[in-house]
Amino acid sequence: MLGYIPIGFAYGVLAQKAGLSIWHALAMSVFVYAGSSQFIAVSLFSAGVSPLSVIITTFICNLRHMLMSAALSPHFRGWSKLEQAVFAYELTDESFGVHTLSFKEEDPGKPEIYAVNIIAQVSWVLGSWLGCTMGGLIPTVEPYGLDYALAAMFIALLVLAISDRIQAAVAVVAGILSLVFMLAGLDQWHVILATVIGATFGLVVEECTRTR
Amino acid sequence: MYLTIAGMMLVTFFPRVIPLWFLASRSLPPRVASWLRYISPAVLSAMLLPSIIAPDGAVYLHWENLYLMAAVPTLLVAWKTRSLVLPVLVGMGLVALARLVWGI
């Protein structure tokens, strides 16, 4: 979860450079709380794109969380609707990765599950705030490698999420498809499409190897 | 501006909560449950791969693509240490170091 401070920082710096007020930038981290779509929103705002387009882009970009929410759902059987909502509000790419890993061992229980989410969002907001306030002091985040924090985090989460050969094959297929779809111009849709096809591929392979 | 942020909040929150609301209380058919187990590696890889192979939107297979080069040691550290924090620090550190040394 420490990974969130540098990524939040990079977001804050970017928002500050794009001319967003600190309150708007922080409001996004508190109320929207969606890393990659906040980065996209900042660049869209500075490009003067209409509010409606920003909302639609955010929606498409965050549709992948539907799949993450569905994937985690078997572990939330005894939870009330309100408790599920509180959890889902803070469900992000990174917290999804962390929860997937912890559910692999044994159910960590509500307090720990909430604690992971709260620590992650506090780190995100703190990082954003630091980035906004210190953005004027540094020209870019590149010399510090901060722009690599998100990719490095995904690498670690991916490596830890893979526990058998089929899952590894799924990761390869989904990754390549996602790249191909992105290059083909399926802007924002490439992740969700590649994920659905990749997971289906995994299921087919699993069924084929089992019957043999 | 705040209205836009409120709109972003709604379109972010509902996709996150609806599957949980509808699926958590049901017992899923075994095939659906198996399918869901592949979501995690699929979605993480689908987000990662384009960002390191084509960081600026075009395929960039070159040793100067630091995002791709740093991915190898980052992956190895994650694999060997089973840690989340360590690979992030190694990845960022290597990217920063390469820029300092070679000025890429």
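We did not get these values from a lab; they are worked out from the coordinates using the rules stated. The structure displayed is predicted, hence computed values, not measured ones. In this analysis, Cβ positions are derived from the backbone assuming ideal geometry, glycine residues included, and neighbour counts consider all displayed protein chains.
Phi angles of the range A:150-158 translate, via the Karplus equation with coefficients 6.51, -1.76, 1.60 and θ = phi - 60°, into HN-Hα couplings of 5, 4, 4, 5, 5, 4, 4, 4, 5 Hz per residue; Gly and Pro are given as x. Peptide A:82-93 shows a mean partner chain C-beta count of 4 within 10 Å per residue C-beta.
Among A:196-208, A:48-60, the peptide with the highest mean count of other Cβ atoms within 10 Å heads the list, and the full ranking is A:196-208, A:48-60. Largest first, the three principal axis extents of the alpha carbons in the range A:1-149 are 47, 33, 23 Å in whole numbers. For A:Lys110, a cut-off of 22 angstrom between C-alpha atoms picks up these lysines, skipping any fewer than 8 places away in its own chain: A:Lys81.
Taken one residue at a time, the phi angles of the range A:174-191 give Karplus couplings (6.51, -1.76, 1.60, θ = phi - 60°) of 5, x, 5, 4, 4, 4, 4, 4, 5, 5, 6, x, 7, 4, 6, 8, 4, 5 Hz. Gly and Pro are set to x. Please give the FRET efficiency for A:Ser53 paired with B:Leu97, using the beta carbon to beta carbon distance and R0 = 45 Å, rounded to the nearest 0.05. E(calc), rounded to 0.05, equals 0.70.
Values of log10 I(q)/I(0) for the range A:162-212 across q = 0.20, 0.22, 0.28, 0.31 Å⁻¹ run -0.64, -0.73, -0.96, -1.07, by the Debye formula with one identical scatterer at each alpha carbon and no solvent.
Each label point was placed 7 Å from the Cα along the Cα-to-Cβ direction; for A:Ser21 and B:Phe14 their separation is 2.8 nm. Between B:Thr81, B:Tyr38, B:Met1, the Cα set farthest toward the positive side of the dipole of the range B:1-92 (charges on each charged residue's Cβ, about the Cα centre) is that of B:Tyr38. Rounded to the nearest 20, the Cβ-based charge dipole of the protein assembly as shown about its Cα centre (Lys and Arg +1, Asp and Glu -1) stands at 520 debye. Per-residue shielding of A:174-184, expressed as the average number of other chain Cβ atoms within 10 Å of the residue Cβ, stands at 6.
FRET efficiency for A:Leu126 and A:Val204, Cβ-Cβ distance as r, R0 = 41 Å, nearest 0.05?
Numbers: r = 44 Å, r/R0 = 1.07.
Computed FRET efficiency for A:Leu126 and A:Val204 comes out at 0.40.
For the pair the range A:154-212 and the range A:70-139, the centres of their Cα atoms are 23 angstrom apart.
Each label point is 7 Å from the Cα along the Cα-to-Cβ direction; what then is the distance between the points at A:Glu83 and A:Val30, in nm? Using points 7 Å along Cα→Cβ, the separation is 2.7 nm.
Note down the magnitude of the dipole of chain B about its Cα centre, charges +1 on Lys and Arg C-beta and -1 on Asp and Glu C-beta and zero elsewhere, to the nearest 20 debye.
Working: 7 positive and 2 negative charges, 103 e Å.
Computed about the Cα centre, the dipole is about 500 debye.
What separates the Cα centres of the range B:22-84 and the range A:9-60 is a distance of 24 Å. Our summary gives the range A:162-212 a relative contact order of 40 percent, counting only alpha carbon pairs under 8 angstrom and 6 or more residues apart. The A:Ser163 and B:Phe22 beta-carbon pair, evaluated with R₀ = 25 Å, returns a calculated FRET efficiency of approximately 0.40.
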